[in-house]
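Asks: Sharing a structure with you now.
A short reminder: the numbers here are calculations on the coordinates, not readings from a lab. All of these numbers come straight from a predicted model, not from anything done at the bench. All Cβ positions, glycine included, derive from the backbone under ideal geometry; neighbour counts span all protein chains shown.
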Amino acid sequence: MVLYFTGTGNSRYLARRIAEGLDMPLYDLNACIKAGDTAPVQTGQDVVLVTPTYAWRIPRVVSEWLGKTALTGAERIWFVMDCGSEIGNAAGYNRQLAAQKQLQYMGTAQIIMPENYIAMFNAPQKEQARSIVEQAEPALQKVLAQLKAGQEFSPPRENLYDRFMSGPVNPVFYRFFVKADAFRATDACIGCGKCVELCPLNNIHLENGKDIEVLETREDHDIIPDGSAVTLTVKPRFINVFHKTSGTSLIEGEPS
């Protein structure tokens, strides 16, 4: 079974391609996490977990969900992580997670996808993003070939820098960057509630059809799957929700 969590659509795209290539069922963790559903999942022997990279590891909400959820029938697990540039020493923590689940660790693969952490980096323009996705194809095909053969992924790079970023930097990053301050909804918001519906962490609350409140941002800056009507972005001391087609700002943040 292919399990996936997605923030902006990168991981969903890869997960669908992998599931199609392996003729395996696809399981959406966003829906489970949103519903607080930790009921056992009948996965079969092989599990492929596809996630984005948050602070040089898999998202905390994913590791927390895995810690609470039994993967019935699972024996082996592969990790596929997409990122804008690097995953640090995420593989070391994935190995520990596999051991906690009493699963055979089959490695961690890194696939470069369009950068979307706009709290710190510039997101690529549409054509550049398409080019990055096209350039990711060889890495994706390599992953598929290794999965079909039941092979372990080759160990990713692991140096002092990688261990530092996934180790000491990870909790500091969450502490100081993964948050949102005060904000307001502008008249451009039509009160469709799409952001409330799609937020996997239930962090957005809609009142009186118009007033939007972000209750808490516990994960990353981009928590609305790509392709939806709106995208929620959180920067240090700034939050913005904008319409994906028109680019019209729906919510703008102000320092408290």
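Asks: When 43, 108, 69 are ordered from fewest to most other Cβ atoms inside 10 Å of their Cβ, what list results?
Replies: 69, 43, 108
Asks: If you add up the charges near residue 89, with Lys and Arg at +1 and Asp and Glu at -1, over every other residue whose beta carbon is less than 11 angstrom from its beta carbon, what do you get?
Replies: Here the charged neighbours net out to +1.
Asks: Would you mind checking which residues have amide H under 5 Å from residue 82's amide H? H placed 1.01 Å from N; only 5 or more apart, or other chain.
Replies: Correct list: 51, 53, 111.
Asks: Considering only DSSP states other than H, G, I, E and B, which chymotrypsin sites (Phe, Trp or Tyr not before Pro) in the range 97-168 qualify as loop sites with at most 14 other Cβ atoms within 10 Å?
Replies: Of the chymotrypsin sites (Phe, Trp or Tyr not before Pro), the ones in loops of the range 97-168 whose Cβ has at most 14 other Cβ atoms within 10 Å are 121.
Asks: Please compare each pair in 148/194; 101/194; 68/148; 126/194 to a cut-off of 31 Å on the Cα-Cα distance and tell me which ones are over it.
Replies: Violating the 31 Å limit, Cα to Cα: 148/194; 101/194.
Asks: I would also like to ask the following. Using θ = phi - 60° and the Karplus form 6.51 cos²θ - 1.76 cosθ + 1.60, what ³J(HN,Hα) does each residue of the range 34-40 get, whole Hz, x for Gly and Pro?
Replies: These are the phi-based 3J(HN,Hα) values: 4, 7, x, 8, 10, 5, x Hz.
Asks: With θ set to phi - 60° and the Karplus curve 6.51 cos²θ - 1.76 cosθ + 1.60, what are the ³J(HN,Hα) couplings of the range 140-147 in order, to the nearest whole Hz, using x for Gly and Pro?
Replies: Result, rounded to whole Hz: 5, 5, 5, 4, 4, 4, 5, 5.
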